[in-house]
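Colleague: Here's a structure for you.
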Protein chains: 2
Amino acid sequence: MEKIIIALDAMGGDNAPVETVKGGVLAANETGAKVILVGREEVIKEELKKYEYDSENIEIANATEVIGTDESPTSGIKKKKDSSVLVGLKLVKEGKANAFVSAGSTGALLVGGIMVLGKIEGVSRPVLGTGIPTVTGGYSFMLDCGANVDCKPSYLVQFAEMGAIYVESVMGIENPRVGLINNGAEKEKGNSLTKQTYELLEESGLNFVGNVEAVDIPFGKADVIVCDGFVGNMILKLCEGLPKALMSIIKEELVKTGDKNLIAGMAAPFGAVKSLFDAEEIGGAAFLGLNALLLKVHGGSQAGAIKNAVKQCVVFTQNDTLGKFSEKVK
Amino acid sequence: MEKIIIALDAMGGDNAPVETVKGGVLAANETGAKVILVGREEVIKEELKKYEYDSENIEIANATEVIGTDESPTSGIKKKKDSSVLVGLKLVKEGKANAFVSAGSTGALLVGGIMVLGKIEGVSRPVLGTGIPTVTGGYSFMLDCGANVDCKPSYLVQFAEMGAIYVESVMGIENPRVGLINNGAEKEKGNSLTKQTYELLEESGLNFVGNVEAVDIPFGKADVIVCDGFVGNMILKLCEGLPKALMSIIKEELVKTGDKNLIAGMAAPFGAVKSLFDAEEIGGAAFLGLNALLLKVHGGSQAGAIKNAVKQCVVFTQNDTLGKFSEKVK
């Protein structure tokens, strides 16, 4: 088997290059795959001095520019030819890496990804998928999280197909349950998009378990849940905002009690919720449907999250997930 | 000024007739308006024996049937001609009551309402609005909560217009801030529906404050927030499901600590969240755009919620809110 090589944007995100380089080294050491750190060579070299690693498994690809999260992705991609995102994507395009991980600008990754890598033949729209935490301790993999705000029914079926392959191949969930996010449990429910999608999903050969109402999303009724990117954005953002609002209300009430033991005692239970619903934890997303896997990790990611993302890319590649996508959509 | 008369479905909801009759009597006593209790006469008479009230202000309209929440609204409305919902709506249609309150089947109320009362001239689509609780202790009035799952931009503008009139007239919020629920803060963001709606809202003369991202909904950035009924359903249902999920996680962690003082001490803070985000509290919705106000209160409502709904109808009528709707949309 050929050596697996993952390109990693060493300059993207709030904690670059310290956490990105550390995450890359940890991933290389744990998986035996090669990690190409993309970014300013002298900066990365300096960081690398802190760690021990097999020099066969760590490489640097110099890139002198960075596209910020506050700049227009399209103009960033056009103007900054030597940005870490573009250099990383080109490594993948040229076959020098299998996948690319970045904690930088999501927009730049999507725009650059489509431009440089192109879509898999047969894929209508590349799609963003992310794990929504559930009370079961697991995740429902939701697509589309925001890449396509206007969708046709056939797009949603492809999202479901790629999502099912992804969670089976990368997360090891066999014959994953696929649900359609809808405004009612019954088949007849829905807007024109979801009604038509329901019919198509029934005939798709997927393990389609029917509609999933928003109230049931946190309870893990399906392994893969599909919706258009506008609705997905609503759900994702509400999963960020609502827990924050709730916690602020509970904390305010706690402070009112003036009971120090109570306040101290609640630190652990609150931590459990924070780690489950915090944007930094659920911020990671896979961009599927391009001719390679792109993983966007949250801007605030620490080394552990970077390491996990690289490992996910390794598993994705080992299991030829891309080949399975092509096979399905052709 | 003519006497205000509110019809109340005495048979609808989980706690009928005990809580509905009680709520009706309380409202009549507090407001001086007349309440017509619609339902089985002998049952209501029996309940009424418990209370003191001015007999001028309480009337019974006999209706022998009830449309259950588990039956098809359309066939229920067609078949049960003597149902409390239909009898109540007819009282309004015939000018014998100004508005109608029910804790029964939402579907039956909507279907029956459109059939019996008809739309205000100039209104494209009647719309369901409800208050989404915010951390400020107030509410954002969201329309559409689920009546119209496929919408045109012009519908959303009318939702905003009626919503603004409603919160100003009934809740006393002057020049209410109107927001568009969207997938980004910037004007350029959105799907085809919200992009076009944004342009129209800018020219509407409303106090339009721009896009409201889902993450910001619980933080009360606008008094009126508009979206299509599919998205509104997602938001409403997630506002039900997510707090439940979070509380179950926190409680599980609390129990793990085995600390009885901690568990007991958290009862009050948890109660504050429950009362704010509980479906029973946020379940009430106003159906706007028909030739009278219909208020749906949650099936599990107690007398207090019923009383508040009747009082809301009284204020609505006192301030000629219906006339203001007509004036705006004509």
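Colleague: When only alpha-carbon atoms are used, what values of Rg and Dmax, in angstrom, describe region A:3-155?
Modeller: Answer for region A:3-155, Rg first and Dmax second: 16.5, 52 Å.
Colleague: Okay, moving on. List the residues whose amide H sits under 5 Å from the amide H of B:Ser140, counting only those 5 or more places along or on another chain, with H placed 1.01 Å from N in the peptide plane.
Modeller: HN-HN under 5 Å from B:Ser140: B:Ile132, B:Thr134.
Colleague: Any idea what the dipole of chain A comes to, in debye rounded to 20, about its Cα centre with Lys/Arg Cβ at +1 and Asp/Glu Cβ at -1?
Modeller: 400
Colleague: List the residues whose amide H sits under 5 Å from the amide H of A:Ile60, counting only those 5 or more places along or on another chain, with H placed 1.01 Å from N in the peptide plane.
Modeller: When sequence neighbours closer than 5 places are left aside, the close amide H contacts are A:Leu37.
Colleague: If you don't mind, another one. Across all directions of projection, what mean area in square nanometres is found for the Cα convex hull of region A:283-330?
Modeller: 3.4
Colleague: Using only alpha carbon pairs under 8 Å that are at least six residues apart, calculate the relative contact order of chain B and give it in whole percent.
Modeller: Here the relative contact order equals 24 percent.
Colleague: With only Lys, Arg, Asp and Glu charged, each at its Cβ (+1 for the first two, -1 for the last two), find how big the charge dipole of the protein assembly as shown is about the Cα centre; round to the nearest 20 debye.
Modeller: 400
Colleague: Residue farthest toward the positive end of the dipole of region A:112-190, with Cβ of Lys/Arg at +1 and Asp/Glu at -1: which of A:Gly112, A:Gly129, A:Met142?
Modeller: With unit charges placed on the Cβ atoms, the residue in question is A:Gly112.
Colleague: If you take the Cα atoms of region A:182-330, find Rg, then find the Kirkwood Rh from the mean of 1/r over all pairs, what is Rg/Rh?
Modeller: 1.05
Colleague: Next question. In nanometres, what is the gap between the two model label sites at B:Lys45 and A:Tyr53, each 7 Å from Cα along Cα-to-Cβ?
Modeller: My value for the distance between the label points is 8.7 nm.
Colleague: Run the helix sum for chain B: -39,500 (n - 2.57) per DSSP H stretch of 4+ residues, divided by residue count, reported at 222 nm to the nearest 500 deg cm²/dmol.
Modeller: -14500 deg cm²/dmol
Colleague: If you don't mind, another one. Please list the radius of gyration and Dmax for chain B, considering alpha-carbon atoms only, with Å as the unit.
Modeller: Values for chain B (Cα only, Rg and Dmax): 20.5, 63 Å.
Colleague: Considering just Cα atoms, how many Å³ per residue does the convex hull of region A:70-157 enclose?
Modeller: Once divided by residue count, the hull of region A:70-157 is 141 Å³.
Colleague: I've got another one for you. Any idea what the A:Gly304 label distances to the other copies are, label 7 Å down the Cα→Cβ vector, nm, shortest first?
Modeller: 4.2
Colleague: Another question, if that's okay. Taking every pair of alpha-carbon atoms in region B:130-238, what share in percent sits in each 5 Å bin, from 0 to the bin with the longest distance?
Modeller: 2, 14, 26, 28, 20, 8, 1
Colleague: Would you mind counting up the charge near A:Ala97? Only other residues with Cβ under 10 Å from its Cβ, with Lys and Arg at +1 and Asp and Glu at -1.
Modeller: Combined, the nearby Lys, Arg, Asp and Glu give +2.
Colleague: Something else: Just rank A:Ser275, B:Ser301, fewest to most, by other beta-carbon atoms within 10 angstrom.
Modeller: Result, fewest neighbours first: A:Ser275, B:Ser301.
Colleague: Excluding A:Ile263 itself, calculate the net charge of residues whose Cβ lies under 14 Å from the Cβ of A:Ile263, where each Lys or Arg counts +1 and each Asp or Glu counts -1.
Modeller: Around A:Ile263, the charge tally is -1.
Colleague: If you put a point 7 Å past Cα along the Cβ direction, how far is that point for A:Glu188 from the same point in each other copy, in nm, smallest first?
Modeller: Label-point distances to the other copies, shortest first: 4.5 nm.
Colleague: Which number comes out as Rg/Rh for region B:199-260 once both Rg and the Kirkwood Rh are worked out on C-alpha atoms?
Modeller: On the Cα set of region B:199-260, Rg over Rh gives 1.22.
Colleague: Once phi is turned into θ = phi - 60°, what whole-Hz ³J(HN,Hα) does the Karplus curve with 6.51, -1.76 and 1.60 give for every residue of region B:200-211, x standing for Gly and Pro?
Modeller: 5, 5, 4, 9, 7, x, 6, 7, 7, 9, x, 6
Colleague: Just rank A:Ile181, A:Ile306, A:Ile120, B:Ile173, fewest to most, by other beta-carbon atoms within 10 angstrom.
Modeller: Exposure proxy ranking, most exposed first: B:Ile173, A:Ile120, A:Ile181, A:Ile306.
Colleague: Taking θ as phi - 60°, what are the ³J(HN,Hα) couplings along region A:14-24 by the Karplus curve (6.51, -1.76, 1.60), each to the nearest whole Hz, with x for Gly and Pro?
Modeller: Coupling constants for region A:14-24: 6, 10, 7, x, 4, 6, 5, 5, 4, x, x Hz.
Colleague: Let me ask another. With all pairs of different alpha carbon atoms counted, what Kirkwood hydrodynamic radius in Å does the protein assembly as shown show?
Modeller: Answer for the protein assembly as shown: a Kirkwood hydrodynamic radius of 26.9 Å.
Colleague: Report the relative contact order of region B:126-280, percent, no decimals, based on alpha-carbon pairs under 8 angstrom and at least 6 residues apart.
Modeller: Value for region B:126-280: 29 percent.
Colleague: Just going by the charge dipole of region A:126-280, with Lys and Arg at +1 and Asp and Glu at -1 on Cβ, which of A:Leu156, A:Leu254, A:Met234 is farthest out on the positive end?
Modeller: Towards the positive end, the residue furthest out is A:Leu254.
Colleague: I've got another one for you. Can you give me the orientation-averaged projected area of the convex hull built on the Cα atoms of region A:211-297, in nm²?
Modeller: Averaged projected area of region A:211-297's Cα convex hull equals 7.3 nm².
Colleague: I'd like the Karplus ³J(HN,Hα) series for region A:288-297: coefficients 6.51, -1.76, 1.60, θ = phi - 60°, whole numbers in Hz, and an x wherever there's a Gly or Pro.
Modeller: 10, x, 8, 6, 5, 7, 10, 10, 9, 9
Colleague: Quick check for me: using +1 on Lys/Arg Cβ and -1 on Asp/Glu Cβ, what's the dipole size of region A:126-280 about its Cα centre, in debye to the nearest 20?
Modeller: Once rounded to the nearest 20, the dipole reads 520 debye.
Colleague: Here's another thing I want to ask about it. Can you list the residues of region B:127-158 with backbone N under 12 Å from a point 7 Å past the Cα of B:Val315, pointing along Cα to Cβ?
Modeller: B:139
Colleague: Still on this structure: Using the alpha-carbon centroid of each, what span in Å lies between region A:30-92 and region B:205-277?
Modeller: That distance is 40 Å.
Colleague: A further question on this structure: Taking a label point 7 Å out from Cα toward Cβ, give me the nm distances from B:Asp82 to the same spot in the other copies, shortest first, one decimal.
Modeller: 8.8
Colleague: Distances longer than 13 Å among the Cα atoms of region B:13-75: what percent of all pairs is that?
Modeller: Counting every Cα pair in region B:13-75, those more than 13 Å apart make up 63 percent.
Quick note: the coordinates plus some simple rules give every number you see, no bench work behind them. Just so it is clear, the model here is predicted, and its values are computed rather than measured. Counting neighbours? That spans all protein chains shown, and the Cβs are built from the backbone with ideal geometry, glycine included.
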